[in-house]
Amino acid sequence: MERSGHPTDGRLALLSLTPAGEELMAEIFPQFNAEEAFVTDDLSDDEARQLADLLRRIVVRVETDGEQRRLDLLNGADPHPRRSGRRARG
């Protein structure tokens, strides 16, 4: 991934795949897709649609209320710092 600043909004960052990233995605996406097809192969079309709808609901729930749930579970303790996924410079 390459990160660059947004041309008009300094609060935003733009991310793009490098050529190596595109090559990696071209390699692994078909494998991922094949595994996804394998695990859902026995589902009917209606079951597959229902599963997709239910998974979307779970994602929305976590995106909407997940942070508050995390804070509630901490019961007033300071949360651990979030990892950005970026490696420390050194």
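Structure summary
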read-out	value
Hits in the range 29-45 (condition: part of a helix (DSSP H, G or I) and closer than 21 Å to residue 55 by Cβ)	29, 31, 32, 33, 34, 35, 36, 37, 38, 39, 40, 45
Matching residues, the range 3-59, being farther than 30 Å from residue 69 by Cβ and touching a helix residue (DSSP H, G or I) at 6+ places or on another chain (Cβ under 8 Å)	17
Subset of the range 70-90 (residues that are exposed (fewer than 10 other Cβ atoms within 10 Å of the Cβ) and modelled with pLDDT of 85 or more)	73, 75, 76, 77, 78
Pairs with Cβ under 6 Å, 6+ apart, first in the range 5-20 and in a strand (DSSP E or B), second among the polar types (S, T, N, Q)	14/4
Selection within the range 36-52 - farther than 28 Å from residue 2 by Cβ and surrounded by 10 or more Cβ atoms within 10 Å (Cβ to Cβ)	40, 43, 47, 48, 49, 50, 51, 52
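The values are calculated or read from the model by the stated rules, or taken from the named source; none is laboratory data. The model shown is predicted, which means the values in this text are computed figures rather than measured ones. Because the Cβ atoms are built from the backbone with ideal geometry, glycine has one as well, and the counts that use them run over all protein chains shown.
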